[in-house]
Amino acid sequence: MSARRLVLLLLLALLVQPRLLVAQEPSIRGVVSDRQGGVVVGADVTLISEAGAIRTVATQTAGVFTFDSVRPGQYTLQVNSPGFASWRQVVRAGAESGDLMVTLDIAGLSETVGVVGTGVSPLSVPAPTATRLGITPLETPASLAILTGETIRQRGDVTVEEAETRMVGITSQSAPGNGGGSRMSRGFGGLNSVMKLYDGAQLFVASGTLTFPFDTWSVERIEFLGGPASVMYGNGSIGGVVNVIPRRPNRYTTENAARVAFGSNDTVRAAFGRGGPLNDRVAYRFDISHNRTDGWIERGESHGTSLSGSVSFAVTPTLDITISEDFGYQEPTTYFGSPLINGELNESLRGVNYNVADENMHFTDNWTQFKTDWRPRRNVVVRNNFNVLTSDRLWRNVESYTFVAATNLVTRSDYIEIFHDQLQFGEHAEATVSSSIGGHTNTMSFGFDYSWTNFQHTNNSPYSGSSTVDLHNSNPGVFLNLAGTSKDFQSRQDQYSLFVEDRLVVSPKWSVVGGARLDRYNVERLAQRTGTTATRDFTPVNWRGGVVHTIRPDLSVYGQYATATDAVSTLLTLSPAQQLFDLTPGRQIEAGAKQALANGRGEWAVAGYHIVKEKLLVPDPNNPTLRQQIGQQSSRGLEVSGAFTLGFGLRADANVALLDARYDDFTEVVGGVLTSWVGNTPTNVPERVGSLWLTWNLPREFQVQGGMRYIGQRYLNNANTATTPSATVVDAGIRRNLTSSMSIDLRATNLFDEFYLQNVSGAPIPLRGRYGAPRIVELTFNTRF
């Protein structure tokens, strides 16, 4: 028998194989108790399968519950009891583990645990990104979107960027120069306006190149808080906050997972994860992933490795300690875009890389955390997080390209070589207390933040040198370094913050939530080539207040007012001239409604908002060579999102964001003339964005998936005279479940090979744009064991 025939027979056997018969189906059982060790009798325990099937029992004497005859696979276990916060955890039937030990927290004090599986609404799960009070999104007067790691990996999103841009209202502004982490939301973009968190802690960005995290394998979930959030996290975040939360130890069941993928452009991906209890007090989690590809453009090779490890200790029944280490290393594709030809897209240049042949780019990150969770009393919880971040950057590229119509050639400039070395220490401490005020439940959280960051910037400024190449860059050449590379500046930032947040349940239908934060930033910059030092202190105060009306336990409406501040650049890179400017204040009014449907098998949310950002830098009308803070930008919009299990194995997730962004007071000097852009839309801001994803479980263990992302028209300049057309990118895939623990996926991103522009740069006339990736096909093998 030939090798080809043997392979075909093996593939046929995999596709038609019947399910293995199980002699005896396992059970899931456990004990429910409170933090003081007392058993909880009469608690409702619900078991939800991945297909949405629901079984419910009540705990009996000694707090025991049992589900017999459970088919092997993954389930979501949910426990509810009056006076306690809801408890959820992903469990696996058939795993070799003892009884589950469920510990309930007093209402208002729990933090999210476990992965939210299909059939459980994220609206009813406490989400720490929007509030420290331990309340659910239904109880929070803010717009919060949640995307679970299981959903991300099931869709085939292998980068955090891909996953985030499926969330409501988020678009990417990624480029190598900003580490691929720049996002746009509610009309405001950049790393200084859409803040990035990792595991709830702020990653302070210097020179826009913080690339961590980037891989989705170790992601537990991504939470996005829309609009101003300085009351939670300090300076920045007028457009919103993205919090990437990694997988951490599971005390209840052992989990093993692996993935291997092969795809277009010689792409190879491999990942492995394992976690679970070592004994009744110690649990662990370990994840590793590696990706490499030759890329879809010439000289587009890239590879990256991500590791995440953590250990959790239950020191006492009321004290938990978690130590974690996360590491990332990348050599990304050094693609800075293509020159626009007379302001127009040119598909013939889609695969051309205008960088030099000896380009170089490396990113290395280490993130260490030491967390404690202490509950000295049933109504009190004290949390602490000490963390350390180290980041090293190297890149050498030519980054600016201009098309010269007279010669039909491209002029390249900005030969940039940069080294970065960043060290960040952070300390966060908070206490949450639940009490009664006049017979009304009240929960208060208060605490402080401290951080110290040191940043070293080495470069070859001024970035001199230029070269001319053919439009199709047939001879890329080598890097030019005319200025020589040396230490440029060193900056230091100290942050001290005090915060308080409170929720008062006025009645069963009404609650009031508010908070305030005082920050003090001390910024110092040493110019190492001249020996001069510049310092500046900033002391912003931000607050928010909101009201929630609970129409039904699964339906609420809310209203909120919130403030925020941004700097004119990242605080760590403020030049002496920029330090003279104040922080730019922003404010938002928001109203919305949320509902969980059909016992958690669906949900929807709608939010309307109006944001104003003041003190934008504009030229002085009396002396255009100087700048002053009198500009203003605003946006108003509507965001709608929903997820529904429609029957027949079909589930739909969809969102749409409609936006009106404009300059209220903004001028620029164009051709030596002071020009007003009042009423115009800022560049790169799509005013229509939408996403849809469908999952359909078919007979014979097949699943079909597909979705689309719509990015509306964007203006390429502040004059609004040039635009990039809208784009609809469609992804699709099919999954074959070989057994209850193994599957094969065949996926295609950009299925119809849509040609579109991801973003543009250069002002006032765009000089170059980054094209989106063409069709890419991947075959993935997944297993759990």
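The values are calculated or read from the model by the stated rules, or taken from the named source; none is laboratory data. Just so it is clear, the model here is predicted, and its values are computed rather than measured. Heads up, the Cβs are rebuilt from the backbone with ideal geometry, glycines too, and the neighbour counts pull from every protein chain shown. Ligands, DNA and RNA are stripped out before the accessible areas are found, and what is left, the full protein with its side chains, is counted by its heavy atoms. Shrake-Rupley method; radii C 1.70, N 1.55, O 1.52, S 1.80 Å.
Observations
- Residues of the stretch 391-409 that are touching a residue at least 40 places away in the same chain (Cβ under 8 Å) and among the acidic types (Asp, Glu): Glu399 alone.
- The residues of the stretch 292-308 that are open to solvent by less than 20 Å² (accessible area, probe 1.4 Å) and not in a loop (DSSP other than H, G, I, E, B), listed by number, are Gly304, Ser306, Ser308.
- The one condition from (1) of a type in the set (D, E, K, R); (2) open to solvent by 30 Å² or more (accessible area, probe 1.4 Å); (3) over 23 Å from Thr305 (Cα atoms) that Asp358 does not meet is (3).
- Once the stretch 370-418 is narrowed to residues that are aromatic (Phe, Trp, Tyr) and more than 26 Å from the chain's Cα centre (by Cα), the residue that is most open to solvent (accessible area, probe 1.4 Å) is Trp374.
- Of the set (1) assigned to a strand (DSSP E or B); (2) touching a Gly at 6+ places or on another chain (Cβ under 9 Å); (3) within 14 Å of Gly263 (Cα to Cα), all apply to Phe781 but (2).
- Of the criteria (1) free of Cβ contacts under 8 Å to residues at least 24 places away in the same chain; (2) open to solvent by less than 50 Å² (accessible area, probe 1.4 Å); (3) at positive phi, which one Asp620 fails: (3)
- The stretch 239-266 - residue that is open to solvent by less than 10 Å² (accessible area, probe 1.4 Å) and assigned to a strand (DSSP E or B) and, of those, farthest from Gly608 (Cα to Cα): Ala261
- Cross-chain or 6+ apart pairs with Cβ under 6 Å, the stretch 357-378 first and farther than 25 Å from Ala206 by Cα and in a strand (DSSP E or B), then open to solvent by 40 Å² or more (accessible area, probe 1.4 Å) and at pLDDT 90 or above: Thr372/Asn384; Trp374/Leu319; Trp374/Val382
A quick yes/no check of all residues on (1) over 29 Å from Val91 (Cβ atoms); (2) under 11 Å from the mean Cα position of the chain (by Cα); (3) open to solvent by 10 Å² or more (accessible area, probe 1.4 Å):
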residue: Gly156; (1), (2), (3): no, no, yes
residue: Arg186; (1), (2), (3): yes, no, no
residue: Gln202; (1), (2), (3): yes, no, yes
residue: Ser207; (1), (2), (3): yes, no, yes
residue: Ile222; (1), (2), (3): no, yes, no
residue: Ser237; (1), (2), (3): yes, no, no
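- Test for Pro624: is it farther than 30 Å from Ala643 by Cβ and assigned to a loop (DSSP other than H, G, I, E, B): no
- Residue check for Gly559: within 21 Å of Leu638 (Cα to Cα), touching a residue at least 40 places away in the same chain (Cβ under 8 Å) and surrounded by fewer than 19 Cβ atoms within 10 Å (Cβ to Cβ): yes
- Residue identified as farther than 30 Å from Arg587 by Cβ, open to solvent by 30 Å² or more (accessible area, probe 1.4 Å) and modelled with pLDDT under 95 among Arg281, Arg274: Arg281
- Which listed residue is of a type in the set (Ser, Thr, Tyr) and touching a helix residue (DSSP H, G or I) at 6+ places or on another chain (Cβ under 6 Å), from Thr565, Thr573, Thr625: Thr565
- Qualifying positions in the stretch 623-649 - β-branched (Val, Ile, Thr) and either surrounded by fewer than 17 Cβ atoms within 10 Å (Cβ to Cβ) or within 25 Å of Ala661 (Cβ to Cβ) (or both): Thr625, Ile630, Val640
- Test: residue in the stretch 681-689 that is assigned to a strand (DSSP E or B), in contact with a Phe, Trp or Tyr (Cβ under 6 Å, 6 or more places away or on another chain) and of a type in the set (Lys, Arg): no
- Verdict on Ser207 being touching a residue at least 40 places away in the same chain (Cβ under 8 Å), part of a loop (DSSP other than H, G, I, E, B), hydroxyl-bearing (Ser, Thr, Tyr) and within 25 Å of Thr539 (Cβ to Cβ): yes
- Every residue from the stretch 134-183 that is among the hydrophobic types (A, V, I, L, M, F, W, C) and not in a helix (DSSP H, G or I): Ile135, Ala142, Leu144, Ala145, Ile146, Leu147, Val158, Met167, Val168, Ile170, Ala175
- Of the residues making up the stretch 449-463, those that are surrounded by 14 or more Cβ atoms within 10 Å (Cβ to Cβ) and of a type outside the set (Val, Ile, Thr) are Asp449, Tyr450, Ser451, Trp452, Asn454, Phe455, Gln456, His457, Asn459, Asn460, Ser461, Tyr463.
- Any hit, the stretch 564-580, residues being assigned to a strand (DSSP E or B), among the polar types (S, T, N, Q), in contact with a strand residue (DSSP E or B) (Cβ under 8 Å, 6 or more places away or on another chain) and more than 21 Å from Gly515 (Cβ to Cβ): no
- Total residues in the stretch 189-201, condition out of contact with any His (no Cβ under 9 Å at 6 or more places or on another chain), assigned to a strand (DSSP E or B) and modelled with pLDDT of 90 or more: 5
- Candidates Ala661, Ala567, filtered to the one that is modelled with pLDDT of 95 or more and under 23 Å from Gly189 (Cβ atoms): Ala661
- From Lys613, Lys594, residue being open to solvent by 20 Å² or more (accessible area, probe 1.4 Å), of a type in the set (D, E, K, R) and either touching an Asp or Glu at 6+ places or on another chain (Cβ under 8 Å) or on the phi > 0 side of the Ramachandran plot (or both): Lys613
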